[in-house]
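Report on the structure given below.
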Amino acid sequence: MRPIAVLLLAIVLAGCTDPAPPVPSSSPSPSASSSEPSTTATSLPPRPVRNGCHRLSYRQAVAPVVGGTDVSCRKPHTSQTYKVGRLSLLSDGHLLAVDSPSVQDAVATSCTSLLGAHVGGSPEDLRLSMVQAVWFTPSVEEAAAGADWFRCDVVALASDGRLAPLPRSSAGLVGSSSRFAMCGTATPDAASHRRVTCSAKHSWVAVATVALTGKSYPSAVEASTQMESACRAAARSRADDPLDFTWSEERPSRAQWDAGQHHGICWAPA
């Protein structure tokens, strides 16, 4: 989407803060006047594997650290890893925290830029789908103990706040099928509107996107001025009667704009 006029996806991940580990308790030894301090080593999780499949909830998918359950890709799953990379935690000789904005931004950029090549189709196809990228890094404690990886997963939204099951392989997911194309349960300005995959019951379909110019968040009037011509043409091209058709324009929300979605979506009746 990553579109995900949803997202997600915006999924720009906030820095994570791990709760302080419990303080270990010790009992005095009857055979010694003093006890040696005890230390507990951080147990590192296994390094992620490319093409590995996972069963994640939506909440786990948008968390900065790994959750969910690793499963065989033959079993039901909601995410698949398409990239495992190495974190760059040094800048000008200084060690960066894994949850620092610069580290997290670099991971986000890497994962979103590689998603299209994995799922196939054009950039427009991807923007008009419910397919997104999510990414994970080690916890602060794990990074301090030597974990240096990041993981990029592909997910698909079934609807707001719910992930759809993925096929055994997510390679070519967008380019080879319209299964995860973006549709809606009502016109986008209706209170009952929910984004869903086009394989679910729907009455509207996303038919085009329009890049919105300008550095600041556009007003409704400004967005409509930029989008009207393109949306009208897209709706006309699929209408039975080129003189009698309708469409709807949807600008990104402020949160979506701030997260990097600088395009609006054109909708037409299904």
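Just so it is clear, none of the values below were taken in a lab; they were calculated from the coordinates. This is a predicted model, so every value here is computed, not measured. No Cβ is skipped: glycine too gets one built from the backbone with ideal geometry, and neighbour counts run over all protein chains shown.
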**Fill in**
If amide H atoms are modeled at 1.01 Å from N in the peptide plane, then the residues at a separation of 5 or more from Ala63, or on another chain, having amide H under 5 Å from its own are none
**Cβ-based exposure ranking for Lys83, Lys215, Lys75, in which fewest neighbours within 10 Å come first** = Lys215, Lys75, Lys83
**Message:** How many angstrom lie between the Cα centre of the range 192-245 and the Cα centre of the range 50-89?
**Reply:** 32 Å
**Message:** Please give me the summed charge of the neighbours of Pro269: other residues whose Cβ is under 11 Å from its Cβ, Lys and Arg +1, Asp and Glu -1.
**Reply:** 0
**Asked** Could you put His193, His77 in order, starting from the residue whose Cβ has the fewest other Cβ atoms within 10 Å?
**Response** His193, His77
**Asked** What distance in nm separates the simple spin-label points at Ser169 and Asp240, each placed 7 Å from Cα in the Cβ direction?
**Response** 4.0 nm
**Message:** Can you compute 3J(HN,Hα) from phi for each residue in the range 187-197, using the Karplus curve 6.51 cos²θ - 1.76 cosθ + 1.60 with θ = phi - 60°, rounded to whole Hz and x for Gly and Pro?
**Reply:** 4, x, 8, 8, 5, 8, 5, 9, 6, 9, 5
**Message:** Classify the range 86-232 from the C-alpha gyration tensor, please: rounded if a/c falls under 1.5, else prolate or oblate depending on whether a/b exceeds b/c.
**Reply:** prolate
**Fill in**
Proxy exposure order for Tyr58, Tyr82, Tyr217 (fewest C-beta within 10 Å first) is Tyr217, Tyr58, Tyr82
**Request:** Determine the sum of side-chain charges near Gly172: Lys and Arg each +1, Asp and Glu each -1, restricted to other residues whose C-beta is under 14 angstrom from that of Gly172.
**Result:** +1
**Item:** Given charges at beta-carbon only (K, R positive; D, E negative), |dipole| of the range 181-270 in Debye
**Value:** 300 debye
**Complete:** For the range 100-155, the dipole about the Cα centre with charges only on Cβ (Lys and Arg +1, Asp and Glu -1), to the nearest 20 debye, works out at 120 debye
